[in-house]
1. Could you look through the range 6-30, keep only residues that are among the acidic types (Asp, Glu) and farther than 29 Å from residue 143 by Cβ, and pick out the one that is nearest to the chain's Cα centre (by Cα)?
2. Look through the range 106-125, keep the residues that are loosely packed, with under 13 Cβ neighbours inside 10 Å and free of Cβ contacts under 8 Å to residues at least 24 places away in the same chain, and return whichever of them is nearest to residue 83 (Cα to Cα).
3. Quick check on the range 26-39. Is at least one of its residues part of a loop (DSSP other than H, G, I, E, B), touching a helix residue (DSSP H, G or I) at 6+ places or on another chain (Cβ under 8 Å), touching a residue at least 12 places away in the same chain (Cβ under 8 Å) and within 23 Å of residue 147 (Cβ to Cβ)?
4. Here are the criteria: (1) within 28 Å of residue 140 (Cβ to Cβ); (2) surrounded by 16 or more Cβ atoms within 10 Å (Cβ to Cβ). Tell me which single one residue 64 does not satisfy.
5. Please identify the pairs in which a residue from the range 4-25 that is within 17 Å of residue 61 (Cα to Cα) has its Cβ atom under 9 Å from the Cβ atom of a residue that is part of a loop (DSSP other than H, G, I, E, B) and among the acidic types (Asp, Glu), counting only partners at least 6 apart or on another chain.
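No lab work stands behind these numbers, since they all come straight from the coordinates. Worth saying up front: this structure is predicted, and the values here are computed from it rather than measured. Every residue, glycine as well, gets a Cβ built from its backbone with ideal geometry; the counts of neighbours run over all protein chains shown.
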Amino acid sequence: MIEVPQAAIDLVKRFEGFCRVPKSDPDRAYPYVCPAGFWTIGYGHLCDAKHPPITMEDGEAYLAADMAEALSATLRYCPVLATEPEGRLAAMVDFTFNLGAGRLQASTLRRRVNQRDWAAAGTELQRWVYGGGKVLPGLVIRRITEAKLLS
């Protein structure tokens, strides 16, 4: 069984962060609206506005479950990644975590990955930089980082 690559976990932690809102309670995270307009908590875990605050330990547990789900979906839609270098799998698991399995499933990116056209896949990643209808600088950097792992 393939495990979630540590590089994928590191990417999610780097780009999502463990958001501690409000700052007056630094040991716990509260729900917040991410730049794309979704209620999230901890390391980008989707939730509703009434979700209770969580500890870092809770955030790690949510992250582990979310990453396992992202890995499963990534391998379901891009089975070629099971035999590719771990960095490629990490990049695509991060993408799936960030945007969801549905976006991967319906994407040209998926086709390029399954064709093992890594240059074209890297180019496709650059299209996925919008949140809430505008280009988000953090997503631009995230997609560049993922593209480097694909090459």
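1. 27
2. Going through the qualifying residues, I end up with 115.
3. Yes - at least one qualifying residue is present in the range 26-39.
4. Single failed check for residue 64: (2).
5. Correct list of pairs: 20/27.
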